[in-house]
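The following block contains the structure, expressed as structure tokens.
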Amino acid sequence: MRQGDAALARWYEEQKVVREQRAAQQTAEERKLGLLGLLHQSLGEFERTSGFEPVLLERTECDGYIRERVELSAVSGLAFGAYVLIPEGASGRLPGVVAVHGHGYGSRQICGMTADGQWDTTSAGGHSHFAVQLVKRGMIVIAPDVIGFGERRLESDIANDPNAPNSCYRMATKLLMLGKTLTGLRVTEIFGALDYFMTRPDVDPARIGIAGFSGGSVIGYTAAALDQRIGAALLIGYPNTFKDSIWDIRHCICNYTPGLLSEAELPELLGLIAPRPLFLESGSNDPIFPAEGFERAAAELRRLYGEANAEDRLAYDLFEGGHEVSGRQSFDWLKQQLEAIPIL
């Protein structure tokens with residue numbers, strides 16, 4: 001009677017055949033446009049904020065950079081904070097990066113702070129303070145607070161457990177009942193952060209990239225695929241196949257978007273970013289995004305970028321490590337790619 005495992009495996013393989021048949025009947029351009037439409041539709045729609053003015057909350061001098069805290073809004077009825085890191089002595093317009101944290105205590109985790117906003121002098125953890133690493137390479141960085149983490153956990157979750165790690169489950173399930181997704185909400189807020197970022201006089205709006213870690217890469221790839229203003233993408237601790245990771249290994253519910261696998265595997269969705277520059281980074285011992293899946297994804301993306309005549313715009317690094325940020329190649333690569341974008 002326990003036939004569920006076999007049924008799921010069969011359904012995956014059957015859908016794989018259907019996907020391949022559909023792809024064979026379409027041109028590359030038709031396929032890409034169709035998948036972009038599917039990705040957009042799968043997220044659900046959120047009413048955008050109108051008339052909200054950004055608020056500067058604080059400005060702090062740090063070691064080699066200035067850290068600002070701003071309040072923004074992208075979705076009607078919701079406000080969120082973001083840190084903006086500015087290289088010390090910056091002048092003119094610099095390349096910018098939207099840095100998206102993963103599961104943890106929020107944007108402070110990538111901006112060199114503890115959960116209560118103090119300097120983190122003990123451990124960088126898996127996030128490796130990567131927003132700080134990017135600003136110290138001469139780029140302006142905006143790190144929005146992703147809803148569901150840290151200060152943006154739901155009051156109902158905190159009331160039940162003051163140490164609740166996140167509000168992903170409660171938010172994702174309720175949004176699904178409304179025909180929306182948590183990824184859609186998070187991506188919409190990233191678009192709002194991007195809107196603000198591009199208006200800053202110290203940011204070059206033609207040279208903006210995105211960097212995400214783990215769940216931040218789900219948001220990062222989706223935003224980059226749907227928004228051409230993002231000139232380059234760095235995806236860390238996520239690039240893989242659905243089959244090797246999200247499908248076969250238990251993940252947070254926020255990783256699941258209804259309907260995507262019926263039309264495309266994850267590498268093809270990541271390939272929607274082409275021909276813009278894309279860097280894939282993962283640890284060889286990552287337990288939730290296995291190396292084998294990463295290598296399969298990289299191989300498929302080599303093919304897709306080859307078809308787009310953009311082989312030189314794809315790079316990847318499978319470093320020795322776990323579910324964590326490395327940056328040993330990717331941070332400098334991102335700066336080089338953004339600086340190479342022609343000024344409009």
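The values are calculated or read from the model by the stated rules, or taken from the named source; none is laboratory data. A quick note: this is a predicted structure, and the numbers were derived from the prediction, not measured. Glycine gets a Cβ as well: all are built from the backbone with ideal geometry, and neighbour counts include every protein chain shown. All accessible areas refer to the heavy atoms of the entire protein, side chains included, with ligands and DNA or RNA removed. Shrake-Rupley method; radii C 1.70, N 1.55, O 1.52, S 1.80 Å.
Can you spot a residue in the stretch 306-321 that is without any contact (Cβ under 8 Å) to a residue 12 or more places away in the chain and farther than 30 Å from Pro87 by Cβ?
Yes.
Tell me yes or no: at least one residue of the stretch 161-179 is part of a helix (DSSP H, G or I), in contact with a strand residue (DSSP E or B) (Cβ under 9 Å, 6 or more places away or on another chain) and within 23 Å of Leu72 (Cα to Cα).
No: zero hits.
Which residue out of Lys174, Lys180 is open to solvent by 20 Å² or more (accessible area, probe 1.4 Å) and without any contact (Cβ under 8 Å) to a residue 12 or more places away in the chain?
Lys174
Name every residue in the stretch 299-344 that is closer than 20 Å to Arg31 by Cα and surrounded by fewer than 20 Cβ atoms within 10 Å (Cβ to Cβ), in order of residue number.
The answer is Ala299, Glu300, Arg302, Arg303, Gly306, Glu307, Ala308, Asn309, Ala310, Glu311.
Is there a residue in the stretch 93-103 that is at positive phi, small (Gly, Ala, Ser) and either touching a residue at least 40 places away in the same chain (Cβ under 8 Å) or open to solvent by 20 Å² or more (accessible area, probe 1.4 Å) (or both)?
No.
Okay, moving on. Return the residues of the stretch 109-133 that are assigned to a loop (DSSP other than H, G, I, E, B) and buried (at least 16 other Cβ atoms within 10 Å of the Cβ); say none if nothing qualifies.
Listed by number, the residues that qualify are Cys111, Gly112, Asp120, Ala124, Gly126, His127, Ser128, His129.
From the list Phe130, Phe213, pick out the single residue that is among the aromatic types (Phe, Trp, Tyr), at pLDDT 95 or above and either farther than 29 Å from Glu265 by Cα or within 12 Å of the chain's Cα centre (by Cα) (or both).
That would be Phe213, the only listed residue that is among the aromatic types (Phe, Trp, Tyr), at pLDDT 95 or above and either farther than 29 Å from Glu265 by Cα or within 12 Å of the chain's Cα centre (by Cα) (or both).
If you don't mind, there's one more thing I want to ask. Identify, from the list Thr222, Thr241, the residue that is modelled with pLDDT of 95 or more, polar (S, T, N, Q) and closer than 27 Å to Pro342 by Cβ.
Thr222
Filter the stretch 208-253 down to residues that are over 21 Å from Leu38 (Cβ atoms), open to solvent by 10 Å² or more (accessible area, probe 1.4 Å) and aliphatic (A, V, I, L, M), then give me how many there are.
Summing the residues that are over 21 Å from Leu38 (Cβ atoms), open to solvent by 10 Å² or more (accessible area, probe 1.4 Å) and aliphatic (A, V, I, L, M) in the stretch 208-253 gives 1.
With the condition being under 21 Å from Ala206 (Cα atoms), I'd like the strands (runs of 3 or more DSSP E) fully within the stretch 56-101 carrying at least 3 qualifying residues.
80-87, 94-100
Hey, does the stretch 134-155 have a residue that's at negative phi, surrounded by fewer than 21 Cβ atoms within 10 Å (Cβ to Cβ) and free of Cβ contacts under 8 Å to residues at least 12 places away in the same chain?
Within the stretch 134-155, one or more residues are at negative phi, surrounded by fewer than 21 Cβ atoms within 10 Å (Cβ to Cβ) and free of Cβ contacts under 8 Å to residues at least 12 places away in the same chain.
Let me ask something else. If you take the residues in the stretch 16-61 that are polar (S, T, N, Q) and over 27 Å from Leu176 (Cα atoms), which one is surrounded by the most Cβ atoms within 10 Å (Cβ to Cβ)?
Checking each candidate, the answer is Gln26.
Going through the stretch 274-289 one residue at a time, which ones are surrounded by fewer than 24 Cβ atoms within 10 Å (Cβ to Cβ) and of a type in the set (Ser, Thr, Tyr)?
Matches in the stretch 274-289: Ser284 only.
Which one is nearest to Gly209 (Cα to Cα), of the residues in the stretch 241-297 that are more than 19 Å from the chain's Cα centre (by Cα) and among the polar types (S, T, N, Q)?
For the stretch 241-297, the residue satisfying everything is Ser284.
From the list Gly64, Gly106, pick out the single residue that is touching a residue at least 24 places away in the same chain (Cβ under 8 Å) and open to solvent by less than 20 Å² (accessible area, probe 1.4 Å).
The conditions single out Gly106.
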